[in-house]
Amino acid sequence: MASTTVRYLLAALLPVWLLAAQLAYAQTYPARAIRLIIPFPPGGGTDTMARGIAPKMSEYLGQQVVPENRGGAGANIGAEMAAKSPPDGYTIMLATITNAIGATLYTKLNYDLVRDFAPITQLATTPHILVVHPSVPVKTVKQYIAFAKSRPDQLTYSSSGAGSAAHLAGELFNSLTGVKTVHIPYKGGGPSMIALVGGEVSVCFATMPSAIGYVKADRLRGIAVTTDRRSPAMPDMPTIAETGVAGYEAGSWYGLSAPAGTPKDAVNRLHAETLKVLKLPDVRDRLSNAGFEIVTSNPEQFAAFTKSEIQKWGKLVRAAKLKVD
């Protein structure tokens, strides 16, 4: 009888203990530095975004948010590392469109973007820019199409990796225009831009944060943006669609995710403080000048968006018969 009473008492007290533990966690989190995994090398748009928000996140959270570049394998090395990290709120990842594309593109992945992550918020979108090396004698999309068609399979275009948004932006352009160029993947937007500036390749459909500095310094020639409307960061640059390639539209997005199972209190705190950071005028100005357009969401909205992006790009990957082992 006594043992039964004890069991009933323990069962009754368990919710109280759990609530107390949750409240204690919420009051003390974060108690140490938070690792922000960037699944690309330094120098690209993902790196620019992460380092643009990390200092202010550190201030608002009261602990250091430490960016950590873990590039390679089309953003999969960093993503797998994040997915397999302890779900304690002390590891988060800068998720991108490349992760959504990779969900279908790669035949073997050791993580699942939906199952293994707890979305926090979307951060921003950005257009890509069709940029060429100065040695390529074109200034408009029509000139580029004519030049490329006169040299089938001779022009090379770089990207931040197989299956990256820059890769698919190039594939989409080729399919709509009949242009034939050769894709050369690199291990991130930074290395991709270095290759283009150095003349290793001729063209790139680069994210605006990766390319805008080189374009403004006249080290690369910007031809057009890939989105369906002009970018506030470069309003004089036309879109590819308005220059005659009907139906062309491409871009990138960025967000924050944590390993699945991360306490909801931690996810909510990270969400709330990140949104505060993105409302700061100096942060918004810095990111806008780099070509980002701030777009935020709650965790549920970002989860639904991620699933829709996997489906959207999965259709294109399958239609183009793209696969990476």
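Computed values, structure above
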{"item": "Which numbered condition PRO134 fails, given (1) surrounded by 20 or more Cβ atoms within 10 Å (Cβ to Cβ); (2) at pLDDT 95 or above; (3) more than 26 Å from ALA246 (Cβ to Cβ)", "result": "(1)"}
{"item": "Tally, over segment 190-225, of residues that are part of a helix (DSSP H, G or I) and free of Cβ contacts under 8 Å to residues at least 60 places away in the same chain", "result": "3"}
{"item": "Pair list, Cβ < 6 Å and 6+ apart or interchain, from segment 52-76 residues that are open to solvent by less than 50 Å² (accessible area, probe 1.4 Å) to residues that are of a type in the set (Ser, Thr, Tyr)", "result": "VAL65/SER58; ALA75/THR98"}
{"item": "Residues of segment 128-137 that turn out to be of a type in the set (A, V, I, L, M, F, W, C) and within 15 Å of the chain's Cα centre (by Cα), as a count", "result": "0"}
{"item": "The lone exception for ALA241 - which of (1) in contact (Cβ under 8 Å) with a residue 24 or more places away in the chain; (2) over 30 Å from MET57 (Cα atoms); (3) crowded, with 17+ Cβ neighbours inside 10 Å it fails", "result": "(1)"}
{"item": "Failed item, numbered, when GLY189 is tested on (1) open to solvent by less than 10 Å² (accessible area, probe 1.4 Å); (2) in contact with a Ser or Thr (Cβ under 6 Å, 6 or more places away or on another chain)", "result": "(1)"}
{"item": "Qualifying residue in segment 278-291 (condition: open to solvent by 10 Å² or more (accessible area, probe 1.4 Å) and touching a Phe, Trp or Tyr at 6+ places or on another chain (Cβ under 7 Å))", "result": "no"}
{"item": "Where a residue in segment 251-266 is free of Cβ contacts under 8 Å to residues at least 60 places away in the same chain and its partner, wherever it lies, is of a type in the set (S, T, N, Q), with Cβ under 9 Å and at least six apart", "result": "LYS264/GLN22"}
{"item": "Residue within segment 170-177 that is in contact with a Gly (Cβ under 8 Å, 6 or more places away or on another chain), open to solvent by less than 30 Å² (accessible area, probe 1.4 Å) and under 21 Å from THR156 (Cβ atoms) present", "result": "no"}
{"item": "Which listed residue is assigned to a loop (DSSP other than H, G, I, E, B), free of Cβ contacts under 8 Å to residues at least 24 places away in the same chain and either charged (D, E, K, R) or open to solvent by less than 10 Å² (accessible area, probe 1.4 Å) (or both), from ASP153, ASP228", "result": "ASP228"}
{"item": "Residue in segment 157-164 that is farther than 29 Å from VAL283 by Cα and touching a Cys at 6+ places or on another chain (Cβ under 8 Å) present", "result": "yes"}
{"item": "Total residues in segment 82-131, condition among the basic types (Lys, Arg) and either within 15 Å of THR306 (Cβ to Cβ) or open to solvent by less than 10 Å² (accessible area, probe 1.4 Å) (or both)", "result": "1"}
{"item": "Qualifying positions in segment 304-325 - touching a Phe, Trp or Tyr at 6+ places or on another chain (Cβ under 9 Å) and either assigned to a helix (DSSP H, G or I) or open to solvent by less than 30 Å² (accessible area, probe 1.4 Å) (or both)", "result": "PHE305, THR306, GLU309"}
{"item": "Residues satisfying the stated conditions in segment 242-258, i.e. part of a loop (DSSP other than H, G, I, E, B) and either acidic (Asp, Glu) or more than 25 Å from the chain's Cα centre (by Cα) (or both)", "result": "GLY244, VAL245, ALA246, GLU249"}
{"item": "Single unsatisfied condition, PHE205 versus (1) farther than 21 Å from THR48 by Cβ; (2) crowded, with 24+ Cβ neighbours inside 10 Å", "result": "(1)"}
{"item": "Within segment 30-127, helices (runs of 4 or more DSSP H) holding 3 or more residues that are of a type in the set (A, V, I, L, M) and over 14 Å from the mean Cα position of the chain (by Cα)", "result": "45-61, 76-83"}
{"item": "Qualifying residue in segment 257-276 (condition: on the phi > 0 side of the Ramachandran plot and modelled with pLDDT of 95 or more)", "result": "yes"}
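The values are calculated or read from the model by the stated rules, or taken from the named source; none is laboratory data. Every value quoted in this text rests on a predicted model; they were computed, and no experiment measured them. Every residue, glycine as well, gets a Cβ built from its backbone with ideal geometry; the counts of neighbours run over all protein chains shown. Just so you know, the surface numbers come from the protein's heavy atoms only, side chains and all, with ligands and any DNA or RNA stripped out. Shrake-Rupley method; radii C 1.70, N 1.55, O 1.52, S 1.80 Å.
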